[in-house]
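Asker: Right, I'll just put the structure down here and ask away after.
Derivation of every value follows stated rules applied to the coordinates shown; laboratory data play no part. Small disclaimer: the values here were computed from a predicted structure and weren't measured. Here the Cβ is made from the backbone with ideal geometry for all residues, glycine too, and neighbour counts use every protein chain on show.
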Amino acid sequence: MERRGWERGVTRGILSFGTMKLEHLSILLPCQSLEDFSLQREADEAEQLLSAWSALWHPALIRGAQAVPGWYPADSPPGEPAGHLVMLPDCSAALLPDDWLKQAEAAGARVIRKLQHRDEFLAAALKQLEQLEQLDTPPAGLDADLVADFLA
């Protein structure tokens with residue numbers, strides 16, 4: 001299977017969702033490519049996009065998934081969403097195919113939406129992993145300085 005440019009470099013993870021594994025940390029963006037990503041945004045929308053994207057880079061999430069975050073166009077979300085932790089900014093929600101959200105949740109994807117700030121997106125993502133008993137609280141073995149640098 002050929003991967004699109006924005007999917008390259010994503011590795012398979014080891015964090016389980018029951019019988020599934022967390023393999024992807026993803027955000028759905030309102031564009032087809034980074035070249036057509038509009039920078040003309042209202043402040044709240046821009047904050048939400050940046051917050052959702054940057055929360056995915058928390059060391060505990062990357063360590064748990066053993067994958068770097070990636071993105072998909074909102075109108076072309078992952079066809080097989082099982083194993084995805086997906087950040088869904090409000091501006092991307094209207095672009096989703098009609099039944100994708102129900103399919104994703106039925107497949108076991110964890111979709112985080114209707115939040116605004118990075119700390120909210122991050123808390124929701126970490127809570128998902130904690131509920132699945134796949135994340136130590138606090139994450140064992142993570143350098144406190146590394147986490148502090150991320151949160152700076």
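Asker: Between Lys102 and Glu80, how many nm apart are label points set 7 Å from Cα along the C-beta direction?
Answerer: 2.3
Asker: Note down the Stokes-Einstein diffusion coefficient of the range 53-138 in µm²/s, whole number, using a Kirkwood radius over alpha carbon pairs, 10 °C, and 1.306 mPa s. Numbers along the way, then the final one.
Answerer: Numbers: Rh = 13.4 Å.
Rounded, D is 119 µm²/s.
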